[in-house]
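Undergrad: First the structure, then my questions, so here it is.
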Amino acid sequence: MAQEIKGIPFDIAEAVAYVPGSVVSKTVFENGTGSITIFSFDKGEGLSEHTSPFDAVVHIVDGAAEITVGGAVHAVSAGQMIIMPSNIPHALKAASAFKMLLIMIRA
């Protein structure tokens, strides 16, 4: 998908579908300095606590999530974003079915 979307507008929310009981991801851009991945999560699905060596920006496109960063739980919904600092434990859980854009910045 990365090559086919360069230089043209596209709908983030339409790039990945909701799948019952699943997490779906699609990387739309990746190079040596970062990546952009679109995710969909069915309600109750999530990503367990982990760390990343890079800062990560999560922008909620649809629905709502509980995002834990460094032990603090945040309710994040469509139109909002959160920056997850490198090397700080974080986790995500779908409060409702939700879609997000994940931007990883390698620095």
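Values quoted throughout were computed directly from the atomic coordinates according to the rules given, and no laboratory measurement underlies them. Values in this document were obtained by computation on a predicted structure and should not be read as measured data. Cβ sites come from the backbone with ideal geometry, for glycine too, and all protein chains shown count toward neighbours.
Undergrad: Restricted to region 52-107, and to residues that are out of contact with any His (no Cβ under 9 Å at 6 or more places or on another chain) and polar (S, T, N, Q), which residue is nearest to Val23 (Cα to Cα)?
TA: The extreme case among them is Ser96.
Undergrad: Only one residue in Phe54, Phe29 is in contact with a helix residue (DSSP H, G or I) (Cβ under 6 Å, 6 or more places away or on another chain) and of a type in the set (Phe, Trp, Tyr). Which one?
TA: Phe29
Per-residue answers, yes or no, for (1) in a strand (DSSP E or B); (2) of a type in the set (Asp, Glu); (3) surrounded by 11 or more Cβ atoms within 10 Å (Cβ to Cβ); (4) out of contact with any strand residue (DSSP E or B) (no Cβ under 9 Å at 6 or more places or on another chain):
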position	(1), (2), (3), (4)
Pro9	no, no, no, yes
Glu14	no, yes, no, yes
Lys26	yes, no, yes, no
Glu30	yes, yes, yes, no
Ser35	yes, no, yes, no
Ile38	yes, no, yes, no
Ser48	yes, no, no, no
Val58	yes, no, yes, no
Ile67	yes, no, yes, no
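Undergrad: Among (1) part of a loop (DSSP other than H, G, I, E, B); (2) under 12 Å from the mean Cα position of the chain (by Cα), there is one condition Ser96 misses while meeting the rest; what is its number?
TA: Result: Ser96 fails condition (2) only.
Undergrad: List every residue pair whose Cβ atoms lie under 7 Å apart, where the two residues are 6 or more positions apart in sequence or sit on different chains, the first residue falls within region 82-104 and is surrounded by fewer than 17 Cβ atoms within 10 Å (Cβ to Cβ), and the second residue, located anywhere, is of a type in the set (Lys, Arg).
TA: Ser96/Lys43
Undergrad: Now for a separate question. Please specify each residue of region 69-93 satisfying the condition of being closer than 22 Å to Glu14 by Cα and assigned to a loop (DSSP other than H, G, I, E, B).
TA: Ala78, Gly79, Gln80
Undergrad: Please determine, by comparing only the residues of region 65-91 that are hydroxyl-bearing (Ser, Thr, Tyr) and in contact with a Ser or Thr (Cβ under 9 Å, 6 or more places away or on another chain), which one is farthest from Asp42 (Cα to Cα).
TA: The residue in question is Ser86.
Undergrad: Another question, if that's okay. Any idea how many residues of region 13-54 are over 15 Å from Ala97 (Cα atoms) and in contact (Cβ under 8 Å) with a residue 24 or more places away in the chain?
TA: Result for region 13-54: 18.
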